[in-house]
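As structure tokens, the structure follows; a few thoughts come after it.
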Amino acid sequence: MAAPFASEDLEKLKKFIDFVSQNPLILNMPQLEFVKIFIEKFGGKVPEGTFEMPAGGKCPFGGNIKTEAKTSSVPHEEENNAEAEMDVESDESEIELDMEGVIPPDRVPEQSTIDFSKNSTEEEIDKASELRSEAAAAYSEQRYGEAIDFYTQAIELNPGNALFHAKRGQAFLKLQKPNACIRDCNRALAINCDSAAAYKFRGRAHRLLGNWEEAAKDLRQACKLDFDEEADEWLREVTPNAKKIEQHRLKQQRKKDERDRKAREVRREKARTEASQQQQQQQQQQQQQQEKQDNTSMPGGFSAGANLIDLLSSINDPEVMAALQDIMKNPANIEKYKSNPKLAKIIDVFKSSFPSGVGGFPGGFPGSFPSTAGANDTDDGNTATAPPNSEDNKPQSKKPDFVDDGLD
């Protein structure tokens, strides 16, 4: 007797039993509680413990618990985006920069309250100049903190002097505080946009932070406004890294433009395909409608559908055909076919298709054909005399019996 299971199901059951025999703790899982109850019902014993999936995440019955379907079901567009991101990351990893001399960013110290819109007096301007001299002396002696203090006092007296801000930024550079230097140089350039010193020191600060492109830009501008050998040396130092970054950015931009171009081309091609398909569908619909109209329109005024089908099927009947030929020879003969149901069916079709009658038939069909009253039927009803000719009904003049020819 054959087992009431498919061979495929039995094979799966065998694999399950083999696995349970080697890993009985799996029966403690809530999903398999019914199997555990079945075994214990017949005196079996399931050991206590918690089942752990074998290493590698493999399902005991084949396959992988790391659902491959999820990875394979990633939309094509997402795959393209992932590939694009990988391209960008790989491009970035290709850049090898010389990071020697780059330092961690500093925290910008809070500034004392300074009224930058202040109009300094002559005395304040003179005092600020004296403080600047003291700051320069402290700087030359590498007492950079004192130099910063002197420059700060000078700025408080004369905040509109751009050089004071730039020189204090230079002192911050010596203390490895590039962000503080950038802040002071920004203030100097806000006062005087052509301050070569501010561009020079800000460019150096960007170099210490690893901002290679910004550093090269500022140092170029400094050399353009007022060439300085130290600024030129700093520019040559940052140029290699700046060029690498610039070339890399241009390369990335070209790739991005190419990806965008391909994406646009795909969208255009998709739009063309959809438009073509839509046009074909419209043409097919129009063609079907035209064919439907051609099939439903018949010459001579026949209505389409069941009437035409009924008419054609009836005409193919030899009995009907003979009757029609008889009626065509003499329309008055229709009287003897009125009781024939087949002819009545034909009459109904003609009545619906030709409300005013049909050219070949006089109006003798019921509802359409003229009446045959006045016709001279024979005893058997098969023949009838035609109406007399109008000329025969005219009175003819009586000819005289004698005509005088005038010869006597």
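The values are calculated or read from the model by the stated rules, or taken from the named source; none is laboratory data. Every value quoted in this text rests on a predicted model; they were computed, and no experiment measured them. Cβ coordinates were reconstructed from backbone atoms using ideal geometry, including for glycine residues, and neighbour counts include every protein chain displayed.
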GLY169 being small (Gly, Ala, Ser) and either buried (at least 16 other Cβ atoms within 10 Å of the Cβ) or not in a helix (DSSP H, G or I) (or both): yes
Test: residue in the stretch 122-138 that is touching a Pro at 6+ places or on another chain (Cβ under 9 Å) and hydroxyl-bearing (Ser, Thr, Tyr): no
Single residue of the stretch 225-236 satisfying the filter (out of contact with any helix residue (DSSP H, G or I) (no Cβ under 7 Å at 6 or more places or on another chain) and in a helix (DSSP H, G or I)) that is nearest to ALA215 (Cα to Cα): ARG236
Lone qualifier among GLU8, GLU52, GLU48 - being of a type in the set (D, E, K, R) and in a helix (DSSP H, G or I): GLU8
Filter pass, ALA180 being surrounded by fewer than 18 Cβ atoms within 10 Å (Cβ to Cβ) and assigned to a helix (DSSP H, G or I): no
Any pair with Cβ under 7 angstrom, 6 or more apart, that starts in the stretch 218-233 at a residue that is closer than 18 Å to ASN192 by Cβ and ends at one that is in a loop (DSSP other than H, G, I, E, B): ALA222/ASP228; LEU225/ASP194
Considering residues of the stretch 187-214 that are free of Cβ contacts under 8 Å to residues at least 60 places away in the same chain and of a type in the set (A, V, I, L, M) only, the residue surrounded by the fewest Cβ atoms within 10 Å (Cβ to Cβ): ALA190
Whichever residue in the stretch 21-34 is assigned to a helix (DSSP H, G or I) and within 50 Å of the chain's Cα centre (by Cα) and, among such residues, is farthest from PHE51 (Cα to Cα): PHE34
Residue check, VAL88 outside any strand (DSSP E or B) and at pLDDT 75 or above: no
Test: GLU213 is over 20 Å from PHE227 (Cα atoms) and of a type in the set (Asp, Glu): no
